[in-house]
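Chemist: Structure incoming, see below.
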Amino acid sequence: MLNRSFHYMLLGLLGAWFSSAWAADTVYVSLDGTHVEPYNTWETAATNIQTAVDYASAHTDSYDTVLVSNGFYYASNSITPTLGIQITAALTVKGLAGREATIVSGTNLPAPIFIVSNANAVVEGFTITGGRNIGVKMWNGIVSNCIVSSNHSGTRSGGCDFMTANAKVFDSIICYNSAQNIGAAGAGGSAGTLTRCVIVSNKAADSCGGLAGVKAYNCLIAYNMCENKVAGANGATLVNCTVVSNRVTRQRAAYQVDGLYGCTLTNCIVAYNGVSDFVACTSSYSCSPIRQPGEGNIGADPQFVDLANSDFRLQFGSPAIDAGTNLAHITDDLDGNPRPLNGNNLGAFHDMGCYEMPAYTEGDLSCRLTVTPAAGWGAVTASCQAVLGGANRAINHYWWNFGDGSPVQSGASLSTATHTFNQPGRYDITLTVSNTAGAVASNKLTDAVVVGVATSYVAEGGTG
């Protein structure tokens, strides 16, 4: 009895710590509760989530929050056990100590784990896992700060299935979900919005691995797979997203796209997605190794901090820093940092991709470079410009290495340099500078210039 009382005391202290507002308006859920109505203390807490939701829904004049203690819960509906947890009232259903500590499983449940239909409903702070038929199905409402993992669907999207544009997911990780046919393994539907989410390592047999038919803001879409058709995103609207390392694994359909198919992009980075980054997409102010048609797009290596170890933040000197267009409704990045920041000391503009470079701070010396044009056919004459940063920019020497075996160009006044690349290939350009105090800085732009093979055409009756 002493141990049980001590447990209730700890739960009470945790509740007070996480929010002083939870009091008479809260229904509690705990695996150690005595399951006595009205479930409004930790000692009398309901022992399953749906019972607490049903009680609060029937008494919305008194209760607006269902607070769930740490533990592993099976999703079940108290009226129909084959249904998931249905939230039809304006309730906040919240894990006490966050998404890692409160787990809801759909093991053996032939329905979505959570079904959210009220426009003012919020599901927050859970790991939602093991669903045989969708993790979260949403007509309305919000899912926030959740991990939606290892769920499956045979006919719709596996992780989050959006039914209307009023369904929204914030600050969540959607990973290791799967789908068989229609929809996306990660998240998809006819509408819906994801903001500051990580969509990684989802896998579809057909249709799409990552996202389909939704809007995504400040999201990372990476390592998703599809056996057929599209791995990254299909028919989505993406703003300030990073799409990287997605793969089609079998390539059986009439079209196979590792990255994006039929998407609209603004301020995005799309790179290293197998053979094809884009098919039938419209983009602006976005970065990819090969420049895409559209206003403000650039063709360059985005220069991630550590591609091999999945750190897709930007290095100082990345061409994607301050290269986007400022959008009033995009005020932060995936990490929650404010946008825009002056990342390269040239002005505060939105960076491309889901991460914003921290505001520039003065050091002794730094440099980056810009190259125009970045691609061409046969032979390309590129103009290179040094961009300097640091407290001491009194440069006494520049070195330009064009990566094609030609001699390094150097001199005291070579802040710009011109070079012609005559052979097909991809060329890295490295700028090194030194100042009067003896400080040295260097920056390499990978795939700064791409030269394609010039094509000659031969035809009977030609005029040449």
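The values are calculated or read from the model by the stated rules, or taken from the named source; none is laboratory data. Everything quoted here is computed from the prediction, not taken from an experiment. Methodologically, a virtual Cβ is constructed for each residue, glycine included, from the backbone with ideal geometry; neighbour enumeration extends over all protein chains shown.
Chemist: Restricting the search to region 196-216, which residues are of a type outside the set (S, T, N, Q), under 15 Å from the mean Cα position of the chain (by Cα) and crowded, with 23+ Cβ neighbours inside 10 Å?
Modeler: Within region 196-216, the first condition is being of a type outside the set (S, T, N, Q), and the residues that meet it are 196-200, 203-206, 208-216.
Still in the list and also under 15 Å from the mean Cα position of the chain (by Cα): 196-200, 209-212, 214-216.
Result: Cys197, Ile199, Gly209, Gly210, Leu211, Ala212, Val214, Ala216.
Chemist: Moving on. What strands (runs of 3 or more DSSP E), lying completely within region 131-185, carry at least 2 residues that are buried (at least 24 other Cβ atoms within 10 Å of the Cβ) and out of contact with any helix residue (DSSP H, G or I) (no Cβ under 6 Å at 6 or more places or on another chain)? It would help to see each step written out before you state the result.
Modeler: On the way: elements: 136-138, 142-144, 147-149, 160-162, 168-170, 173-175.
Those strands (runs of 3 or more DSSP E) span 136-138, 160-162.
Chemist: In region 218-237, what residues are of a type outside the set (A, V, I, L, M, F, W, C) and either at positive phi or surrounded by fewer than 24 Cβ atoms within 10 Å (Cβ to Cβ) (or both)? Steps first, please.
Modeler: The first filter runs over region 218-237 and keeps only residues of a type outside the set (A, V, I, L, M, F, W, C), leaving 218, 223-224, 227-229, 232, 234-235, 237.
Within region 218-237, Asn218, Tyr223, Glu227, Asn228, Lys229, Gly235, Thr237 meet the criteria.
Chemist: Then there is this: Under 21 Å from Val214 (Cβ atoms), in contact with an Asp or Glu (Cβ under 9 Å, 6 or more places away or on another chain) and in a loop (DSSP other than H, G, I, E, B): which single residue out of Gly353, Gly274 fits that description? Walk me through how you get there before you give the answer.
Modeler: On the way: Gly274 fails: under 21 Å from Val214 (Cβ atoms).
After ruling out the rest, the residue left standing is Gly353.
Chemist: Now for a different question. Looking only at region 277-288, which residues are in a loop (DSSP other than H, G, I, E, B) and surrounded by fewer than 19 Cβ atoms within 10 Å (Cβ to Cβ)? Spell out the reasoning first.
Modeler: Taking region 277-288 as the starting set, the residues that turn out to be in a loop (DSSP other than H, G, I, E, B) are 277, 280-281, 285-286.
Ala280 - this is the single residue of region 277-288 that is in a loop (DSSP other than H, G, I, E, B) and surrounded by fewer than 19 Cβ atoms within 10 Å (Cβ to Cβ).
Chemist: Let me ask you something else. Being under 39 Å from the mean Cα position of the chain (by Cα) and either surrounded by fewer than 18 Cβ atoms within 10 Å (Cβ to Cβ) or within 27 Å of Gly343 (Cβ to Cβ) (or both) narrows it down to one of Gly411, Gly438, Gly389, so name that one.
Modeler: Numbers: Gly411 fails: under 39 Å from the mean Cα position of the chain (by Cα); Gly438 fails: under 39 Å from the mean Cα position of the chain (by Cα).
Testing whether each residue is under 39 Å from the mean Cα position of the chain (by Cα) and either surrounded by fewer than 18 Cβ atoms within 10 Å (Cβ to Cβ) or within 27 Å of Gly343 (Cβ to Cβ) (or both) leaves just Gly389.
Chemist: Do you know which residues across region 132-180 are among the aliphatic types (A, V, I, L, M), at negative phi and touching a Cys at 6+ places or on another chain (Cβ under 9 Å)? Spell out how you get there, then give the answer.
Modeler: To start, the set of residues in region 132-180 that are among the aliphatic types (A, V, I, L, M) comprises 134, 136, 138, 142-143, 147-148, 163, 165, 167, 169, 173-174, 179.
Right, trim to at negative phi and you get 136, 138, 142-143, 147-148, 163, 165, 167, 169, 173-174, 179.
Once the filter is applied, which keeps residues that are among the aliphatic types (A, V, I, L, M), at negative phi and touching a Cys at 6+ places or on another chain (Cβ under 9 Å), region 132-180 yields Val136, Met138, Val143, Ile147, Val148, Ala167, Val169, Ile173, Ile174, Ala179.
Chemist: Given region 38-125, what strands (runs of 3 or more DSSP E) lie entirely inside it while holding 3 or more residues that are among the acidic types (Asp, Glu), in contact with a Gly (Cβ under 6 Å, 6 or more places away or on another chain) and under 25 Å from Ser157 (Cα atoms)? Please lay out each step first, then the result.
Modeler: Numbers: elements: 65-68, 71-74, 85-87, 92-95, 102-105, 114-116, 122-124.
Those strands (runs of 3 or more DSSP E) do not exist here; none qualify.
Chemist: Another question, then. Between Phe72, Phe114, which is among the aromatic types (Phe, Trp, Tyr), assigned by TED's automatic domain parsing to the domain that holds Thr26 and within 27 Å of the chain's Cα centre (by Cα)?
Modeler: On the way: Phe72 fails: within 27 Å of the chain's Cα centre (by Cα).
One residue alone meets the criteria, Phe114.
Chemist: Additional query: Determine which member of the set Asn344, Asn240 is on the phi > 0 side of the Ramachandran plot and surrounded by 21 or more Cβ atoms within 10 Å (Cβ to Cβ).
Modeler: Values: Asn344 fails: on the phi > 0 side of the Ramachandran plot.
Sole residue among the options that is on the phi > 0 side of the Ramachandran plot and surrounded by 21 or more Cβ atoms within 10 Å (Cβ to Cβ): Asn240.
Chemist: Being modelled with pLDDT under 95, closer than 23 Å to Gly106 by Cβ and within 18 Å of the chain's Cα centre (by Cα) narrows it down to one of Ala185, Ala191, so name that one. Give the derivation first.
Modeler: Values: Ala191 fails: closer than 23 Å to Gly106 by Cβ.
After applying the criteria, what remains is Ala185.
Chemist: Is region 350-358 home to any residue that is within 16 Å of the chain's Cα centre (by Cα), surrounded by 21 or more Cβ atoms within 10 Å (Cβ to Cβ) and assigned by TED's automatic domain parsing to the domain that holds Cys226?
Modeler: No, the conditions are met nowhere in region 350-358.
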